[in-house]
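**Student:** One structure, pasted below without further comment.
The values are calculated or read from the model by the stated rules, or taken from the named source; none is laboratory data. This structure is a prediction, so every number in the text was calculated from the model and none was measured. Here the Cβ is made from the backbone with ideal geometry for all residues, glycine too, and neighbour counts use every protein chain on show. Please note that ligands, DNA and RNA were not included when accessible areas were found on the heavy atoms of the full protein model with its side chains. Shrake-Rupley method; radii C 1.70, N 1.55, O 1.52, S 1.80 Å.
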Amino acid sequence: MTTIKQTRLHSILDEATKLLIEKPNASMNEIAESAKIGIATLHRYVESREQLMVYLGLRAIEVVSETMKEIQLDEEHCEKYIPELIEALIPLGDKIYFLAHDTTINYNPEIEGADLKLREPVLHAVGLLQQKGYFRSDLDKTWIVDVLYSIMFLTWQQVVSGHIARKAAPALVVDTFYHGFKQR
């Protein structure tokens, strides 16, 4: 695929992700309309809704993975990893939501494998933080990561809707994730 065609596909996939979060049963026609293209153009890029969903999952993993690669885990100072991760991933809330909630991609072995690989550094960091007493050690790491992803998605929604300031969002997520809603 040429660079121009790849860029166009990414644009279509990004628009489709936004629409499908708001309207999970959107038709291919609605997806094409949202991407400001005709249905025939959409079908030049994807043959079916099933293929579109796989492409959306792979695109989400690609975007989140590229962002996560920029965040290095220093095991000695692992407490810095989660706040940096939150800051980087909140703007990608739609991608995180899609990966965590779209059941059509959960049965694709390629996507499942890529998603597990994507979660490995976060799970490792959470395990280190459990050892250091930041998080309860009696909770499964996967549960903690899923809660983190859910909070990031909800925060992204609140930023997009104007209820939370973009600059305040990371600190709010970090505080909520580490301390819940307890009054201090």
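**Student:** Applying the selection to the stretch 120-134, what residues are open to solvent by 30 Å² or more (accessible area, probe 1.4 Å) and either touching a residue at least 12 places away in the same chain (Cβ under 8 Å) or under 16 Å from ILE61 (Cβ atoms) (or both)? Show your work before the answer.
**Tutor:** Taking the stretch 120-134 first, the residues open to solvent by 30 Å² or more (accessible area, probe 1.4 Å) are 120-121, 123-124, 131-134.
Correct list: GLU120, PRO121, LEU123, HIS124, LYS132, TYR134.
**Student:** While we're here: Please pick out the residue among TYR178, TYR97, TYR81 that is assigned to a helix (DSSP H, G or I), in contact (Cβ under 8 Å) with a residue 24 or more places away in the chain and within 15 Å of the chain's Cα centre (by Cα). Break it down stepwise before answering.
**Tutor:** Details: TYR178 fails: within 15 Å of the chain's Cα centre (by Cα); TYR81 fails: within 15 Å of the chain's Cα centre (by Cα).
None of the others qualify; the one that does is TYR97.
**Student:** Let me ask something else. Can you tell me which residues in the stretch 39-68 are over 26 Å from LEU116 (Cα atoms), open to solvent by 20 Å² or more (accessible area, probe 1.4 Å) and either touching a strand residue (DSSP E or B) at 6+ places or on another chain (Cβ under 7 Å) or not in a loop (DSSP other than H, G, I, E, B) (or both)?
**Tutor:** Matches in the stretch 39-68: ILE39, ALA40, THR41, HIS43, ARG44, TYR45.
**Student:** Kindly evaluate ILE90 against the criterion of being closer than 29 Å to TYR55 by Cβ and crowded, with 18+ Cβ neighbours inside 10 Å.
**Tutor:** Values: closer than 29 Å to TYR55 by Cβ: yes; crowded, with 18+ Cβ neighbours inside 10 Å: yes.
Considered against the rule, which asks whether it is closer than 29 Å to TYR55 by Cβ and crowded, with 18+ Cβ neighbours inside 10 Å, ILE90 comes out as yes.
**Student:** For the stretch 6-20, how many residues meet the condition of being in contact (Cβ under 8 Å) with a residue 12 or more places away in the chain and open to solvent by 30 Å² or more (accessible area, probe 1.4 Å)?
**Tutor:** Applying the first criterion (in contact (Cβ under 8 Å) with a residue 12 or more places away in the chain) to the stretch 6-20 yields 8-20.
When the remaining residues are screened for being open to solvent by 30 Å² or more (accessible area, probe 1.4 Å), the result is 8, 10-11, 14-15, 18-19.
Selection size over the stretch 6-20: 7.
**Student:** Across the stretch 135-165, what is the total count of residues that are acidic (Asp, Glu) and surrounded by 12 or more Cβ atoms within 10 Å (Cβ to Cβ)? Full working, then the answer.
**Tutor:** First, pick out the residues of the stretch 135-165 that are acidic (Asp, Glu): 138, 140, 146.
Subsequent filtering for residues that are surrounded by 12 or more Cβ atoms within 10 Å (Cβ to Cβ) retains 146.
Residues flagged as acidic (Asp, Glu) and surrounded by 12 or more Cβ atoms within 10 Å (Cβ to Cβ) within the stretch 135-165 amount to 1.
**Student:** Can you tell me which residue within the stretch 100-119, out of those that are open to solvent by less than 50 Å² (accessible area, probe 1.4 Å) and in a helix (DSSP H, G or I), is modelled with the lowest pLDDT?
**Tutor:** Selected residue: ILE105.
**Student:** Pull up the stretch 21-34, narrow it to residues that are open to solvent by 90 Å² or more (accessible area, probe 1.4 Å) and in a helix (DSSP H, G or I), then point me to the one that is farthest from VAL64 (Cα to Cα).
**Tutor:** Ranking the qualifying residues of the stretch 21-34, first place goes to ASN29.
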